[in-house]
1. The conditions are (1) surrounded by fewer than 17 Cβ atoms within 10 Å (Cβ to Cβ); (2) closer than 18 Å to T56 by Cα, and A86 fails exactly one of them. Which is it?
2. Which of the residues spanning region 95-105 are more than 13 Å from L63 (Cβ to Cβ) and either surrounded by 14 or more Cβ atoms within 10 Å (Cβ to Cβ) or in contact with a Leu (Cβ under 6 Å, 6 or more places away or on another chain) (or both)?
3. So, of the residues in region 30-83 that are charged (D, E, K, R) and part of a loop (DSSP other than H, G, I, E, B), which turns out to be surrounded by the most Cβ atoms within 10 Å (Cβ to Cβ)?
4. For L63, indicate whether it is of a type in the set (A, V, I, L, M), out of contact with any Lys or Arg (no Cβ under 6 Å at 6 or more places or on another chain) and within 17 Å of D40 (Cα to Cα).
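Computed from the coordinates by the stated procedures, all read-outs in this text should not be read as laboratory data. Fair warning: this is a prediction, and the values are worked out from it, not measured in the lab. Every residue, glycine as well, gets a Cβ built from its backbone with ideal geometry; the counts of neighbours run over all protein chains shown.
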Amino acid sequence: MAEENAADDRAAEEWVRKHFGVVLEPQGSLTAFDGRLVVDLDTRLVTVDGREVQLTRADVRLLRGLIELGEGVHEPYSIMWTVYNAPCHPHELKFPMTVLRVKLGEPSWIVRTEEGYGLRPPELP
């Protein structure tokens with residue numbers, strides 16, 4: 001699956017380069033919680049407490065938005081504008097957040113309250 005994603009990314013980059021003459025720049029990585037959560041934006045490889053996690057482009061986009069919003073709980077509308085740059089109904093976040101929680105391997109990485117969602121690292125054993 002990782003090979004398919006990499007092939008899709010290369011094909012997309014080639015299409016952009018061919019049609020627009022644009023070379024996509026590497027985006028680097030984001031680190032949160034003293035290195036416990038690392039997101040390589042170029043390869044979409046996420047490391048959670050040293051364990052590699054494969055995420056889809058949509059998963060990485062959502063996780064990136066949560067990291068950029070910073071610590072604390074954020075209203076669904078703020079998350080929607082940050083991640084998707086569009087107004088959407090807050091209920092539209094439920095499924096993507098659930099999927100991301102499962103893929104991160106520890107549900108407590110993503111906190112859900114009445115006010116919204118946020119990132120919080122689980123306690124270390």
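1. So the condition that A86 fails would be (2).
2. Hits for region 95-105: nothing passes.
3. The initial filter retains those residues of region 30-83 that are charged (D, E, K, R), namely 34, 36, 40, 42, 44, 49, 51-52, 57, 59, 61, 64, 68, 71, 75.
Subset that is part of a loop (DSSP other than H, G, I, E, B): 34, 36, 42, 44, 49, 71, 75.
Numbers: D34: 7, R36: 15, D42: 13, R44: 20, D49: 16, E71: 13, E75: 13.
Looking at the filtered set, the residue picked out is R44.
4. Working: of a type in the set (A, V, I, L, M): yes; out of contact with any Lys or Arg (no Cβ under 6 Å at 6 or more places or on another chain): yes; within 17 Å of D40 (Cα to Cα): yes.
When the stated conditions are applied, L63 passes them.
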